[in-house]
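All remarks here apply to the structure that follows.
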Amino acid sequence: TKKGFIFDLDGVIVDTAKYHFVAWKKLAKSIGIDFTEEQNEQLKGVSRVKSLEKILEWGQKNLSKEDFNHLMTQKNKDYLSYINQMDENEILPDVPKILNYLIEEKQGIALGSASKNAVAILERVKLIDKFQAIIDGNGVTKGKPNPEVFLKAKEKLNIKPEDCIVFEDAIAGIQAANSANMTTIGIGDKDILKEADYVFKDFTQISTEFINELIKKD
Ligand code: BG6
Ligand code: MG
């Protein structure tokens, strides 16, 4: 059967998770808040607004609406300064190989990202044409771990949730896909992505044989 393969963007397709981290770290520091790598794991997959809310909560800070919005703008400006330097070299290893294989096998391919910068990034690294459906931070009202983004992606692909496979590097993303009733593949550390059905360090560890098994599974 035709399956739906749904990809997260940041930290799965491109190495932008590090830019989000650097930008948040810098912003937090500017208001006297520091946060750990462990706390950063909790920001992965989480929307821009929710991320800042969490950082302020950790730092026990209250901000006026105006200051909050100002920081949000600053974060994105800083983040975009890194993004604007990006090119195809920042596609994570073997991602194009897997995408091309799925295209050859006529599988559904969608993006399910929390980012409002997703289309710009996919255009910049020239991968936009690989996707039949794109659901990003502009198309959802409830962020991961809510399953909305993945449910909208499977609607667009017109594939049942049980036939969808989600690639995610974030705890919140794995939780979202699990509650959408999809097969989850963690990309990263298996001690962190414990809730995923499978975990691989990166796409170099994923064989086309493995992808084939997922396609054949009923
Ligand atoms: C997710 C990232 O993909 O998108 C988060 O993992 C980020 O770190 C979120 O905060 C929102 O991204 P953006 O580009 O809209 O600020
Ligand atoms: Mg991610």
Of the residues Tyr101, Tyr79, which single one is aromatic (Phe, Trp, Tyr), within 20 Å of Asp202 (Cα to Cα) and modelled with pLDDT of 95 or more? Tyr101
Does Leu99 qualify as being of a type in the set (A, V, I, L, M, F, W, C), within 16 Å of ligand 1 (Cβ to nearest atom) and surrounded by 14 or more Cβ atoms within 10 Å (Cβ to Cβ)? no
I'm checking my understanding of the structure. Among residues of segment 93-113 that are in a loop (DSSP other than H, G, I, E, B) and either of a type in the set (S, T, N, Q) or out of contact with any helix residue (DSSP H, G or I) (no Cβ under 7 Å at 6 or more places or on another chain) (or both), which one is farthest from Ile187 (Cα to Cα)? Lys106
If the Cβ limit is 8 Å and pairs must be 6+ apart or interchain, which residue in segment 1-16 that is near ligand 1 (Cβ under 10 Å from one of its atoms) pairs with which residue that is among the basic types (Lys, Arg)? Asp10/Lys44; Gly11/Lys44
Only unsatisfied item for Ala153, checking (1) crowded, with 22+ Cβ neighbours inside 10 Å; (2) without any contact (Cβ under 8 Å) to a residue 40 or more places away in the chain, is (2)
Exception for Asn62 within (1) more than 30 Å from Tyr101 (Cα to Cα); (2) in contact with a strand residue (DSSP E or B) (Cβ under 8 Å, 6 or more places away or on another chain) falls at (2)
Checking Glu90 against (1) among the acidic types (Asp, Glu); (2) in contact (Cβ under 8 Å) with a residue 60 or more places away in the chain; (3) within 17 Å of Ala170 (Cβ to Cβ): exactly one of these is not met. Which one? (3)
So which residues in segment 116-164 are among the charged types (D, E, K, R), within 14 Å of Phe7 (Cβ to Cβ) and in contact with a helix residue (DSSP H, G or I) (Cβ under 7 Å, 6 or more places away or on another chain)? Lys130, Asp136, Lys144, Lys154
Among the residues of segment 49-61 satisfying the criterion of being under 19 Å from Thr141 (Cα atoms) and among the aliphatic types (A, V, I, L, M), which is surrounded by the fewest Cβ atoms within 10 Å (Cβ to Cβ)? Val49
Consider segment 1-20. How many of its residues are more than 14 Å from ligand 2 (Cβ to nearest atom) and in a loop (DSSP other than H, G, I, E, B)? 3
Count, please, the residues in segment 2-51 that happen to be under 19 Å from Leu151 (Cα atoms) and over 11 Å from the mean Cα position of the chain (by Cα). 4
All but one of (1) part of a helix (DSSP H, G or I); (2) small (Gly, Ala, Ser); (3) in contact with a Gly (Cβ under 6 Å, 6 or more places away or on another chain) hold for Ala23; state the number of the condition that does not hold. (3)
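Within segment 23-48, restricting attention to residues that are out of contact with any helix residue (DSSP H, G or I) (no Cβ under 7 Å at 6 or more places or on another chain) and not basic (Lys, Arg), which residue is surrounded by the most Cβ atoms within 10 Å (Cβ to Cβ)?
For segment 23-48, the residue satisfying everything is Ser47.
The values are calculated or read from the model by the stated rules, or taken from the named source; none is laboratory data. Note that the structure is predicted; figures quoted are calculated from it, not measured. Counting neighbours? That spans all protein chains shown, and the Cβs are built from the backbone with ideal geometry, glycine included.
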